[in-house]
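Encoded as structure tokens, the structure appears first; notes follow it.
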Amino acid sequence: YTKQAKLALESALDFSSSGKYDKIKELVNNLLAADYTLTQEQIQRIVPKWFTQKLIALSQFVGHIRTPVVRHNFGQLAGELIYRPQAESGNRIGIQLQKLAISLALIEDKKEIDKAIYDLIKKVAIDTVEGFVFEIVHIFMREKVVGIERKDFSRMMRLGDSSTSRYLNDLLILNVLEMKQVKKDPYDQKWTTVYSLVPEIKRMYELAEIGL
């Protein structure tokens, strides 16, 4: 979700540049199994700017949190990372979702992609994420607090200590969560370790209207 990744995704979704219009048209036609006669301007009108903005956030969000963290299962390295996970850029996800949205607008004879279509492709995208991981992110967004303690997270998710540690560590590695020290009471000298969503993940979640 770096600035460069966002620019790359915007470029991938911009079919006004040379060659990309023909590719998008080919993909849409293949999906619909019909030869729609559409001009480049007509396709551009189908995709409103608000949709592209939300689609970028949605694609980056999904590409990031569905990245698997693979560990050794046996031997002396059991529990250690096999390789350092790299989050998907979101380009492939975004292009596929855009193609689907354009196709739905054509099938439903709509002048442009609307909220109903966006809500549908949002569900399609979220369904590609492991349910448990999405639930974890949703809990962190739902709780209007500075962060969540490990013991509270374990209670909310009804997880044992080992499962709690694994999920929290995985999401820390993926840079979805961050860990920080806070004081629950300003008059108390004791610091408490809490977990919270990385600000950029929260931004994607809110812009894509994941929780709505």
(message) Between residue 96 and residue 202, how high is the FRET efficiency from 1/(1 + (r/R0)^6) when r is the Cβ-Cβ distance and R₀ = 22 Å? Nearest 0.05.
(response) 0.35
(message) Please give me, ordered by residue number, the trypsin sites (Lys or Arg not before Pro) of segment 114-185 that lie in loop per DSSP and have at most 16 other Cβ atoms within 10 Å.
(response) 144, 158, 183, 184
(request) Can you sort 187, 167 by 1.4 Å-probe accessible area, starting with the largest? (result) 187, 167
(request) May I ask for the net charge around residue 190, where only other residues with Cβ less than 14 Å from the Cβ of residue 190 are counted and Lys, Arg are +1 while Asp, Glu are -1? (result) -1
(message) What is the distance in Å between the Cα centroid of segment 149-168 and that of segment 68-120?
(response) 26
(request) Determine the gain in length on full extension of the stretch residue 175-residue 112; use 0.36 nm per residue of separation and subtract their C-alpha separation, reporting nm with one decimal. (result) 19.1 nm
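The values are calculated or read from the model by the stated rules, or taken from the named source; none is laboratory data. These numbers come from a predicted model, not from an experiment. A quick note on method: Cβ atoms are made from the backbone with ideal geometry, for glycine too, and the neighbour counts reach across all protein chains shown. Note: accessible area is taken over every heavy atom of the protein model, side chains too, but ligands, DNA and RNA are not part of it. Shrake-Rupley method; radii C 1.70, N 1.55, O 1.52, S 1.80 Å.
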